[in-house]
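As structure tokens, the structure follows; a few thoughts come after it.
The values are calculated or read from the model by the stated rules, or taken from the named source; none is laboratory data. Fair warning: this is a prediction, and the values are worked out from it, not measured in the lab. As a convention, Cβ positions derive from the backbone with ideal geometry for all residues, glycine included, and neighbour counts pool all protein chains shown. Side chains are part of the model used for accessible areas, which takes the heavy atoms of the whole protein and leaves out ligands, DNA and RNA. Shrake-Rupley method; radii C 1.70, N 1.55, O 1.52, S 1.80 Å.
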Amino acid sequence: MNGSSTQEAVHKKTGTACPVFQVQGLTKIYDMGEIQVQALRGIDLELAAGELVVLLGPSGSGKSTLLNILGGLDTASGGQVTYCGKDLTRATEKELTEYRRFHVGFVFQFYNLIPSLTARENVAVVTEIAKNPMRPEDALGLVGLAERLDHFPAQLSGGEQQRIAIARAISKNPEVLLCDEPTGALDSQTGIVVLEALERVNRELGTATVIITHNVDIAGMADRVVHLSNGLIVETSRNVIRKQPKDLKW
Amino acid sequence: MLDTPQLAAGRFISCPFAIISGKKLFRFEGSMTALDKKLLRDLWLMKGQALAIVLVIVSGVATFVMFISVMHSLNKTRDAFYRDFAFAEVFGSLKRAPESLRARISEIPGVDLVETRVAADVKLDIEGFNEPVTARLMSVPNNGRPLLNRLYLKTGRMVDPSKDNEVVVSDAFAQAHGFKPGDSFGAVINGRWKTLVITGIALSPEFVLQVKPGGISPDFKRYGILWMSREAVGTAYDMDGAFNDVVLTLLPGAKFEDVVSRLDAVLDRYGGFGAVGRKDQMSHRFLSEEFRQLDRFAEVFPAIFIGVAAFLLNVVISRTVSTQREQIAALKAIGYSNFDVGMHFTKLVLFIVLIGVVSGIAAGVWLAKGLGRIYMEFYRFPYFDFELRPSVVVAAVVITAGSALLGTLRAVRQAALLPPAQAMRPEPPMSYRKTTLEKIGLGAILSQPTRIILRNIERKPFKALLTVAGISCGCAVMIASGFFSDSVDFMVDVQFRQAQREDMTITYIEPSARRTIHELKGLFGVEHVEPFRTVPARFRFGHRTYRTVIQSFEPNTRLHYLLDTKLKPIELPPSGIVLTDYLADLLAIKVGDQLIVEVLEGNRPVRQVPVVSLVKQYIGVMGYMDRSALNRLMREGDLVSGAYLTVDSREQPAVYRKLVEMPRVAGTAVRMDEIRNFYETQAESMLFFTFIATILAGTIAFGVVYNSARISLSERSRELASLRVLGYTRGEISYIFLGELGVLTLAALPLGFILGRALCAYIVTAVESDLFRVPVVLENETYALGAAVVLLSASVSGLIVRHRLDHLDLVAVLKTRE
């Protein structure tokens, strides 16, 4: 992990990439019985291949909703999302399942591991159904857990659990990695180890990565930082130099 | 599923599946998908609950397999025995006909084989057994090989036709007295005392069940079957070249009714008593009734268990789905389809069902063999051909799996359709309301913990109701098993104590003049004598007929009472006929209608007699008339068929000795012996059923209470841990927690009583027949036993869960999010 090679990789990928996601006028309204909550009020966004984007915003700004729609977990109320030219907003349930199965990797704030399965088996849950998966051992090796293959989640620390979740997400060789507050439940030291794992995957595998967080400090490692507030993009900024996770502090 | 994910996962260390996964000890491991491994480990984690459900499924499948298989096996055994030993299809008895009549019977269209026999009732005198014993004496052809109703000779040999003192005896009778070939006993044959030597012990398809005519249960000690050579019986009864009993088989396609009516016509002038088919043959009849009961039991009991199992699965799987919300979300996020997730939980259900069904079938076979052995005590077959039909196994699997899937459909569907984005968020807190008790102003007297208990129950009223219903099923099953002995006690009390007061019943060989009873009165020790007259008759009303007897008593009888439908003694009216209420239903006749009575004895008059009243009777069905009225109807003199006696108990053996010597007396029955025998023969099967029912009832109650407790613990461990942190003692949180179950269990008892009674009523209607009707009688002790089994099972499961409650890890529980 040295700084110059990272920069090189970023330039190479962003320069040649076609957009992975194209989002236009995306809205989402939650119907909560008597009241309606407008979570997204018209989002326009693009994500290039190999790009690492951080979505920043406070609680309730619509980050998770946007991520869920990008990941095919939730449906939009209006607007359009295309993934490599395919319209996700018109996809059927079956198509969305296939999309999630073969193209997207998810990392959640609370890891969402299966407690009854070991690290290796948690990854195998994905590799068993994917098209061109890595070996679970390799995926775990990438996140530095080669030594803990047969441990159950309860026997691992929070950071280690989150790294299993990352291994699980990348093991299918996804085109895009979506991370919802991946360090939200971790202390800063452990959080950095997790971010290093994400950064390495993005750099070495060229996987387009979206990280959502309310932690401004994490924004330093992104190619691009998108600020959300109240369901709208209020600001977009580009980092000329991506910071190394180990240089981040919070 | 109970603990928080962290705590739960920690336990996998002790799970055998975890060990095999860690070390790859077993080969099958490698071929399993990660999701299937999850399934096995989830199952291991909920092993207590799964076991409770498995036990309930085992109970249902086992009772199903037991009842059905015993029925099939007995059926198969019976059919084989009937076929191999040429059981007759038509049975006719008559007064006396020349052997030449046999040719005419053979000529009846549709008749295949014909066998004529001589049959008689004899009194036996067995050394060392000073009680009245009677036997049915049947002739066997001189060649020793009956054409029909052939004998299965268990030991010894057939009789030698040249010897007039040799007999083959029935197996059950021989066993009851410990007889073996070479033993001998005394018998009064046509008035002459004779020593009979046993040459063999045999079984006959005609006497699979050996019940004395008019008896309620087999009495192997006091009633037996003897087979003697035709030559010897013919000589003894003056039946040389004659017969008084005929059996036949039919050609394929022959019409039973036509043959019977022609046979009756042929036998009519020889004093035929009306031929019957197998369905009215005593032994066959009892067997068929038994099959009908087994069939009904196979419907009722398994249905209860499978229903309860489906409910328990519903509760457990719903809870599992709800605790695994986030896992489900993750699985969907990484690309598992709704179908995959639905299948995953379906597999979990089916796995539990599979364990239950397989063990249930094994247990059912084991129980069926036990029940088969008990049946073989009553029903004497040469062998017991146990049969487990593949269709029974298939039915057990399909019914159980079907019910389980139906029961869990909602939960599985919920898991399958759970939107992943929504599942990602924790479940919203459950909403609570003030309870009705509080609303009506009783809130002030309730402590906080009590309020928690009540609000919990009211929050999920449907679930609480199902729990109560489930527990009450346990209570009901227990009551339904106990009720039989209560009802039998009651039946015996009515039949043998309230209706019959005599000590002995004497039957004459043939109707005799009333004055013969002076002979009985003269016996030392006899206190009171009342004669009776019994004649066989066929009743006809509209197109319905029924063959039974008319029983008649003296006016102002002191020994035999008729009881009305409210069990109050009634006077026998001087004219007209009184019918058993069940018989009136069978004939669809009511009081005031004219009944056509075709007498099957003497001059065989056919008369119209008005039905004047109905009486309650639990065993058998018949008609009753005043004795003079019956004599008038018969156009005979003052004749009697026998008499009821009361005897000084100290003189009973002496009186009995005298009766054996009286040529006119065909048989003697002692009322107390009959009662004692009845209880003795029932005792073992009663014990068997009570034992099984207790286990089954306990299983249901335990299964329901234990599962409810574990689910509540899982739902509320945070809440309870919080209370502990606030300073509540273990006892106090146990009160909150177990109090709810206590309330539900107590509420289940009265419902269980009602359900139990309803179940008894159903069983009673399902098994009632003209042979007997069991009244629904439930003693307080039976209710108490039902309640006790439920309370005990509930307490045991409460204690087990309480143990977990005591070990609640406060810190861990509070640290993790729901």
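Structure notes:
- Which of B:120, B:274, B:205, positive extreme of dipole for segment B:88-286 (C-beta unit charges): B:205
- Crossing angle, helix B:282-323 versus chain B [Cα axis fit, 0-90 degrees, rounded to tens]: 0 degrees
- Rounded if a/c under 1.5, otherwise prolate or oblate - segment A:133-213, Cα gyration tensor axes: oblate
- Relative to the dominant Cα principal axis of chain B, helix B:34-45 is inclined by about 70°.
- Put a plus charge on the Cβ of each Lys and Arg, a minus charge on the Cβ of each Asp and Glu, and nothing anywhere else: the dipole of the protein assembly as shown about its Cα centre is then about 1380 debye.
- Across chain B, C-alpha contacts under 8 Å between residues 6 or more apart give a mean separation that, scaled by the residue count, equals a relative contact order of 18 percent.
- Placing a label point 7 Å from the Cα of residue B:51 along the Cα-to-Cβ direction, no residue of segment B:300-322 has its backbone N under 14 Å from that point.
- For the protein assembly as shown, the solvent-accessible area of protein heavy atoms averages 41 Å² per residue (probe radius 1.4 Å; ligands and nucleic acids excluded).
- DSSP beta bridge pairing in segment B:88-286, given as percent antiparallel to the nearest 5: 75 percent
- Cross-link pairs exceeding 20 Å between alpha carbons, from the set B:76/B:369; B:47/B:347; B:123/B:279; B:123/B:658: B:123/B:279.
- The Cβ shell under 14 Å around residue B:505 holds other residues with a net charge of -2, Lys and Arg each +1, Asp and Glu each -1.
- Radius 10 Å from Cβ of residue A:97, net charge of other residues (Lys, Arg +1; Asp, Glu -1): 0
- Positive-end extreme of charge dipole, chain B - chosen from B:178, B:227, B:690 (charges on Cβ): B:690
- Computing FRET efficiency as 1/(1 + (r/R0)^6) for residue B:257 and residue B:197, where r is the C-beta to C-beta distance and R0 is 51 Å, gives about 0.70.
- Computed packing ranks the peptides A:79-90, B:530-541 as B:530-541, A:79-90, most packed first, by mean other Cβ atoms within 10 Å.
- For the protein assembly as shown, share of DSSP beta bridges that run antiparallel, in % to the nearest 5: 70 percent
- Rounded, prolate or oblate (a/c below 1.5 giving rounded, otherwise prolate when a/b exceeds b/c) for segment B:563-645 by Cα gyration tensor: oblate
- Relative contact order of segment B:88-286, pairs being alpha-carbon contacts under 8 Å that are 6 or more residues apart, as %: 37 percent
- Unit charges at the beta carbon, dipole of the protein assembly as shown: most positive-side option, B:336, A:194, B:605: A:194
- Against the criterion of solvent-accessible heavy-atom surface with a 1.4 angstrom probe, A:250, B:366 sort, most first, into B:366, A:250.
- Tensor-based shape of chain A (alpha-carbon gyration tensor, a/c under 1.5 rounded, otherwise prolate or oblate): rounded
- Gain on full extension, evaluated as 0.36 nm per residue between residue B:654 and residue B:527 minus their Cα-Cα distance, stands at 44.4 nm.
- Chain A, dipole about Cα centre (Lys/Arg Cβ +1, Asp/Glu Cβ -1), debye to the nearest 20: 380 debye
- For the residues of B:32-41, the average number of beta carbons from a partner chain within 10 Å of their own beta carbon is 5.
- Averaged over peptide A:166-179, the number of partner chain Cβ atoms lying within 10 Å of each residue's Cβ comes to 1.
- Modelled spin labels at residue B:672 and residue B:762, positioned 7 Å past Cα toward Cβ, are 4.2 nm from each other.
- Fully extending the segment from residue B:726 to residue B:544 would add 57.6 nm, taking 0.36 nm per residue of separation and subtracting the current Cα-Cα distance.
- Each of residue B:436 and residue B:104 was given a label point 7 Å from its Cα along the Cα-to-Cβ line. The distance between the two points is 7.8 nm.
- Of the beta bridges in chain B, as assigned by DSSP with both residues counted there, near 80 percent are antiparallel.
- Cα long-axis angle, helix B:448-459 against chain B (0 to 90 degrees, to the nearest 10): 70 degrees
- Sorted on the mean count of surrounding Cβ atoms within 10 Å across their residues, most packed first, peptides A:166-175, B:131-140, B:100-109 read A:166-175, B:131-140, B:100-109.
- Across segment B:499-673, C-alpha contacts under 8 Å between residues 6 or more apart give a mean separation that, scaled by the residue count, equals a relative contact order of 38 percent.
- Pairs beyond 22 Å (Cα-Cα), from B:163/B:194; B:95/B:616; A:94/B:38: B:95/B:616; A:94/B:38
- If you take the Cα centroid of segment B:618-668 and the Cα centroid of segment B:51-99, the two points sit 36 Å apart.
- Average beta carbon contacts from partner chains per residue of A:102-114, 10 Å cutoff: 5
- When shorter helices are ignored and each DSSP H run of at least 4 residues is given -39500 (n - 2.57), the per-residue value for the protein assembly as shown at 222 nm works out to -15500 deg cm²/dmol.
- Most mobile listed residue (A:141, A:33, A:71) in chain A, GNM with C-alpha springs under 10 Å: A:33
- Dipole magnitude for segment B:198-355: about 820 debye, using +1 per Lys or Arg Cβ and -1 per Asp or Glu Cβ, origin at the Cα centre.
- Between residue B:685 and residue B:567, the simple spin-label model (points 7 angstrom out along Cα→Cβ) gives 2.3 nm.
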